[in-house]
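Trainee: First the structure, which I've put down as structure tokens, then a few questions once you've had a look.
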Amino acid sequence: MLLFVFLATVALWGVLRMYRERQRLQKIAARFDGPKPHWLLGNLPLFPANDIPGIFEMMVKLHEQYGQDLFNWGLLNDHMVIVSSATNVEKVAMAKKTEKSQIYEFIKPWLGQGLLISSGEKWFHRRKIITPTFHFKILENFATVFNREVEVLVEKLSPYAKSGRKFDIYEPVSLYALDSICETSMGVAIDAQLHPENQYVRDVKRMSELVLLRIFHVLSSFPQLYWYTMPNAWEQRKLIGRLHAFTDSVIQSRRQQLVSAVPSKGGEQMSEADEDNPSDKQRKTFLDLLLNVTVDGQPLSDADIREEVDTFMFEGHDTTTSGIAFTFYQLAKHPEIQERLYQEIQDVLGADFRTVPLTYNTLQNFPYLDMVIKESLRLLPPVSFIGRRLVEDLEINGVTVPAGTDFTIPIYVIHRNPAVYPDPERFDPERFSDDNTQRRGPYDYIPFSIGSRNCIGQRYALMEMKITVVKMLAHYRILPGENMPQVRLKTDLVLRPDKGIPIKIQRRSYPKPHWLLGNVMEYPANDIPGIFETMVALHEQYGQDLFNWGLLNDHMIIVSSATNVEKVVMAKKTEKSSFYDFIELWLGKGLLISSGEKWFHRRKIITPTFHFKILESFVHVFNQEAEILIEKLRQHANTGREFDIYEPISLYALDSICVTSMGVEIDAQRHPENQYVRDVKRMSELILLRIFHVLSSFPKTYWYTMPNAWEQRKLIRRLHAFTDSVIQKRRQQLKGKADNVANIQDVQEDEELYTKRKDTFLDLLLNVRVDGNSLSDLDIREEVDTFMFEGHDTTTSGIAFTFYQLAKHPEIQERLYQEIQDVLGADFRSVPLTYSTLQNFPYLDMVVKESLRLLPPVSFIGRRLVEDIEMNGVTIPAGTDFTIPIYVIHRNPAVYPDPERFDPERFSENNTQRRGPYDYIPFSIGSRNCIGQRYALLEMKVAIVRMVSFYRILPGDTMHEIRLKTDLVLRPDKAIPIKLAARP
């Protein structure tokens, strides 16, 4: 009975004591936000059991829901204060006396009293011993190891580049980081990358998970009970045994290496390390320091050494792995940032950027790399939270928080403060420009903790990260795996992906040429869309500027970087490149192909035809022909059936150019069986097949032996016959009107002479005199052939592709429809469009420009050097052919973020001003730019305004299957299937 009374009294006393403590804590808790606790289990039920990503997500959610500073209850009176406001973080981090919080106790059986966990004098002495290991002079030596190990990483990843398969980047980076830290800090090569079955990596990962599960377990406040009763604890003991065995093997291996070494300083052991004088220890590793150091005349014990090695292996391997892998994750998601960084790598390291060794000093010359790394560590800090325990009382939120209270500082949450980082989930390296950095406080960015207990190895980690990122980007383009958006995060001791980071990689170096056939075999024979897709894929895989080999020494340089494009197009002397020679039998030496004096004189003759005063009269024709188009398409409206819009647009463009530029009506829209359209299309295909044929360098052999050449000759005869008929028809119309332009004596006369006339392009050619002589019939035909092809086929693609985009983006189409009504008023369907009226459609202008960006009708242009030029640090000789892939330039993610997205706002005034002159060149650039670009834009705009006024353009059922091809003009391989709905 007395025993019962005694036990009851003790129990009652315990309950009363807990109750009073609870009341005291509730007064403190009242000063903080947080969820209402269960009376016994506190807030533990909020955290999902055994769901590690779920635990992390709940930690973040509580801050989103309740604010920056929270009071979190555990079992009974167990509690923790979580602070992320800069004011309170400063108070905790800068308190005169703090220790690591209780959560670190759960790591102690593994890491012992190493630098991470120790406190007081022991921590102070260990910190002083270890600090010199990270002096920059010693770090310089580590760069050699990082360079060597990352080369192994690059090589080990090459099978993925060849296969195109996705893989988890986290695992190989983890092995790389383990190799690096073992060699730099332990002096031992374990070759984990060459033997990827390494158990240590898996054990560290599982150990971290078990520690987190223990932190949020209901028995977290009863360590002994947990340790001896929970299955997770039994597994933990096995892991600790293996982890310690691994560390012991590393230490033993290094001891054996040092057995025969002559001790430094005449056989004396090192005294306590001096941070300011590391020079005599530069060749020694972190482990060497521990094995040789004395404290108060005594060497460190085996247990002392192991706990520091365990701590350093974990902190220096696992955190760096996450930092590197998450940076690759961000670069895969943001190709525009990746390409800008790749450009910086080339700019800093020069032509040998793939092979030049990186040094500590070299890495200081990468400002954008530094910004990228910092932003990655902001969004996904490997150490996502840190803990501190007060040793003295602290005033916070107007209340005294007693000594012994545990604080958690959630770095992940701090780095997402929208008041400091607007749109915090967006990856934006510019946040770390000098100007932006200066606006932030010291507690707004703390990826390596802060205060006296900050990360001792942060310079080591940053150097390893930077070398890895530079070397990887120098060799590979990093692409997202199919399910990369589904990456789920978890934090145990380190923030990491729950399942992995799936990426793909592509080599940046150009494919090795065949000794005879060069790179010709890369292109699929007789597959015109496949040829185009290969051209684009080569840029996606190998970068902006490529060297392409043909047969034997035949070659071509393909440049899309703005710097090199400028060098080519602005070279003092250039001609059209060799692939234009394949068009010469059809177009002759017209304006497209001619060079030198002939090109100069022809350009001067033709330019006045496109004076805006003459263009004004053309708009009337475009209106008339567009009305016919609208009427011809009425049969498709409201039927629900899809049809190919490309064909009727082609006939509209042909009618328009024949009337405006030739003065001849051929009524192609009313007679849609027109052979000319089909012949131009097939001729263009045959020319492309010839360009990529193995006999492209042997024109006569090709011309007389290949079936495609025989077909080409037939087509040329028909095309020339059509042109001759147009010319003859106009001659007859002008017969008896010889005085119409007879007074044109020389091409040197003032262009006003031409702009006052109503003569067409063909009239000008028929009547002009050069040096007193008329143009020959051949001269006239080659200019007419050139103009008919360039002015009909390219405009067809431009208009049809714009309808394609409007069908895919109804919200943009409706905004454009609204602009049409706003500008033209109630009679918007019938009011004639004029040159002046079309200047009042800003959104239409943006839509057309964005369509020409995404799908430029002329997808590549060619130039041949007449003089040597300097490029990429080497002299390119005269005679070299260059190709400028406009389609690729317009998809540069560094200029056009999310480049495949159709977004007319890219061409708002503000956005346009941010781009350079070589970032948008749908009509080419330089002296040989398209002479008829204003003509083309007028024709496109009239057709679009008229179509959108009458019809709602809808996607056809098979529109998503469109495949592109480029012969001489970019066009759909099969069709652009749309539907039409008549507007009320």
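The values are calculated or read from the model by the stated rules, or taken from the named source; none is laboratory data. All figures in this text were calculated on a predicted structure; none of them were measured in a lab. Here Cβ is always computed from backbone atoms with ideal geometry, including for glycine, and neighbour counts include all displayed protein chains.
Trainee: Starting from segment 613-625, keep only residues that are under 13 Å from ARG934 (Cβ atoms), then list their pairs with residues that are part of a helix (DSSP H, G or I) and aromatic (Phe, Trp, Tyr) whose Cβ atoms are within a distance under 7 Å, requiring at least 6 positions of separation or different chains.
Mentor: Final answer for the pair search is LEU615/TYR935; PHE618/TYR935.
Trainee: Can you list the helices (runs of 4 or more DSSP H) lying wholly within segment 133-238 that have 3 or more residues being more than 37 Å from the chain's Cα centre (by Cα) and either in contact (Cβ under 8 Å) with a residue 40 or more places away in the chain or buried (at least 19 other Cβ atoms within 10 Å of the Cβ) (or both)?
Mentor: No helices (runs of 4 or more DSSP H) qualify here.
Trainee: With the condition kept exactly as written, say whether any residue in segment 949-965 is over 31 Å from the mean Cα position of the chain (by Cα), under 19 Å from HIS792 (Cβ atoms) and assigned to a loop (DSSP other than H, G, I, E, B).
Mentor: No - not one qualifying residue is present in segment 949-965.
Trainee: Okay, next question. Could you list all residues from segment 643-658 that are closer than 15 Å to ALA800 by Cβ and touching an Asp or Glu at 6+ places or on another chain (Cβ under 6 Å)?
Mentor: Across segment 643-658, the qualifying residues are TYR652, SER656.
Trainee: Quick check on my filter: what residues within segment 592-610 are touching a Phe, Trp or Tyr at 6+ places or on another chain (Cβ under 6 Å) and not in a helix (DSSP H, G or I)?
Mentor: Within segment 592-610, just ILE593 meets the criteria.
Trainee: Same structure again: Please pick out the residue among GLU171, GLU155, GLU183, GLU151 that is within 24 Å of ARG255 (Cβ to Cβ) and modelled with pLDDT of 85 or more. First the steps, then the outcome.
Mentor: Details: GLU171 fails: within 24 Å of ARG255 (Cβ to Cβ); GLU155 fails: within 24 Å of ARG255 (Cβ to Cβ); GLU151 fails: within 24 Å of ARG255 (Cβ to Cβ).
Unique residue meeting the criteria: GLU183.
Trainee: If you don't mind, there's one more thing I want to ask. Given the structure, is PRO422 within 28 Å of PRO497 (Cβ to Cβ), assigned by TED's automatic domain parsing to the domain that holds ILE215, in a loop (DSSP other than H, G, I, E, B) and in contact (Cβ under 8 Å) with a residue 60 or more places away in the chain?
Mentor: So PRO422 does not fit the description; no.
Trainee: For segment 546-605, name all the residues that are basic (Lys, Arg), within 19 Å of ILE687 (Cβ to Cβ) and buried (at least 20 other Cβ atoms within 10 Å of the Cβ). It would help to see each step written out before you state the result.
Mentor: If we filter segment 546-605 for residues that are basic (Lys, Arg), which is where we start, we get 567, 572-573, 576, 589, 598, 602-604.
Narrowing further to those that are within 19 Å of ILE687 (Cβ to Cβ): 576, 589.
The answer is LYS576, and nothing else.
Trainee: Count, please, the residues in segment 875-911 that happen to be among the aliphatic types (A, V, I, L, M), under 18 Å from ARG863 (Cα atoms) and in contact (Cβ under 8 Å) with a residue 24 or more places away in the chain. Give the steps one after another, and end with the answer.
Mentor: Here is the first cut: in segment 875-911, the ones among the aliphatic types (A, V, I, L, M) are 876, 878, 884, 886, 888-889, 894-895.
Narrowing the set further to residues that are under 18 Å from ARG863 (Cα atoms) leaves 876, 878, 884, 886, 888-889.
Among the residues that remain, those that are also in contact (Cβ under 8 Å) with a residue 24 or more places away in the chain are: 876, 884, 886, 888-889.
Count: 5.
Trainee: Considering only residues that are more than 19 Å from TYR104 (Cα to Cα) and surrounded by 14 or more Cβ atoms within 10 Å (Cβ to Cβ), look in segment 400-422 and name the one that is modelled with the lowest pLDDT.
Mentor: VAL401
Trainee: For ARG453, state whether it is among the basic types (Lys, Arg), farther than 20 Å from ASP370 by Cα and assigned by TED's automatic domain parsing to the domain that holds ASP179. Don't jump to the end; show me each part of the working.
Mentor: Numbers: among the basic types (Lys, Arg): yes; farther than 20 Å from ASP370 by Cα: yes; assigned by TED's automatic domain parsing to the domain that holds ASP179: yes.
Judged against the criteria, ARG453 is a match.
Trainee: Answer yes if at least one residue in segment 23-35 is in the same structural domain as VAL401 (by TED's automatic domain parsing), in a helix (DSSP H, G or I) and of a type outside the set (A, V, I, L, M, F, W, C), and no otherwise.
Mentor: No: segment 23-35 contains no residue that is in the same structural domain as VAL401 (by TED's automatic domain parsing), in a helix (DSSP H, G or I) and of a type outside the set (A, V, I, L, M, F, W, C).
Trainee: Which condition does ARG914 not pass, out of (1) in contact (Cβ under 8 Å) with a residue 12 or more places away in the chain; (2) surrounded by fewer than 21 Cβ atoms within 10 Å (Cβ to Cβ), if it passes all the others?
Mentor: (1)
Trainee: Might you check whether a residue that is of a type in the set (Ser, Thr, Tyr), free of Cβ contacts under 8 Å to residues at least 60 places away in the same chain and not assigned by TED's automatic domain parsing to the domain that holds ALA461 occurs anywhere in segment 64-72?
Mentor: Checking segment 64-72: at least one residue is of a type in the set (Ser, Thr, Tyr), free of Cβ contacts under 8 Å to residues at least 60 places away in the same chain and not assigned by TED's automatic domain parsing to the domain that holds ALA461.
Trainee: Going through PRO53, PRO109 one at a time, which residue ends up being assigned by TED's automatic domain parsing to the domain that holds LEU493, part of a helix (DSSP H, G or I) and in contact (Cβ under 8 Å) with a residue 60 or more places away in the chain?
Mentor: PRO109
Trainee: Of the residues that make up segment 464-486, is at least one modelled with pLDDT under 95 and closer than 30 Å to PHE106 by Cα? Before you say what the answer is, go through the steps one by one.
Mentor: Taking segment 464-486 as the starting set, the residues that turn out to be modelled with pLDDT under 95 are 474-486.
Narrowing further to those that are closer than 30 Å to PHE106 by Cα: none.
Taking every residue of segment 464-486 in turn, none turns out to be modelled with pLDDT under 95 and closer than 30 Å to PHE106 by Cα.
Trainee: Just to be sure, is PHE618 modelled with pLDDT of 85 or more and either in a loop (DSSP other than H, G, I, E, B) or over 18 Å from PHE860 (Cα atoms) (or both)?
Mentor: yes
Trainee: Does VAL520 satisfy the condition of being over 30 Å from GLU171 (Cβ atoms) and modelled with pLDDT under 80?
Mentor: Answer is yes for this residue.
Trainee: Also, quick follow-up: Counting only residues that are crowded, with 20+ Cβ neighbours inside 10 Å, assigned by TED's automatic domain parsing to the domain that holds GLY550 and at pLDDT below 85, give me the helices (runs of 4 or more DSSP H) lying completely in segment 634-739 with at least 2 of them.
Mentor: 675-691
Trainee: Can I ask one more? Condition first: in a loop (DSSP other than H, G, I, E, B) and surrounded by 22 or more Cβ atoms within 10 Å (Cβ to Cβ). Can you find one or more residues in segment 80-101 that meet it? Show your work before the answer.
Mentor: Step one: list which residues in segment 80-101 are in a loop (DSSP other than H, G, I, E, B), which gives 83-85, 94-97, 100-101.
Checking the rest, the ones that are also surrounded by 22 or more Cβ atoms within 10 Å (Cβ to Cβ) come to 83-84.
Within segment 80-101, one or more residues are in a loop (DSSP other than H, G, I, E, B) and surrounded by 22 or more Cβ atoms within 10 Å (Cβ to Cβ).
Trainee: Out of TYR329, TYR342, TYR368, which single residue is surrounded by fewer than 21 Cβ atoms within 10 Å (Cβ to Cβ) and of a type in the set (Ser, Thr, Tyr)?
Mentor: It is TYR368.
Trainee: Is it fair to say SER85 is within 19 Å of SER449 (Cα to Cα) and without any contact (Cβ under 8 Å) to a residue 40 or more places away in the chain?
Mentor: So SER85 fits the description; yes.
Trainee: Something else: Name the one entry in GLU209, GLU197, GLU235 that is acidic (Asp, Glu), in the same structural domain as PHE134 (by TED's automatic domain parsing) and out of contact with any helix residue (DSSP H, G or I) (no Cβ under 7 Å at 6 or more places or on another chain).
Mentor: Just a single option satisfies the conditions, and that option is GLU197.
Trainee: Can you confirm whether ARG781 is in contact with a helix residue (DSSP H, G or I) (Cβ under 7 Å, 6 or more places away or on another chain) and assigned to a helix (DSSP H, G or I)?
Mentor: Taking the combined requirement at face value, the residue satisfies it.
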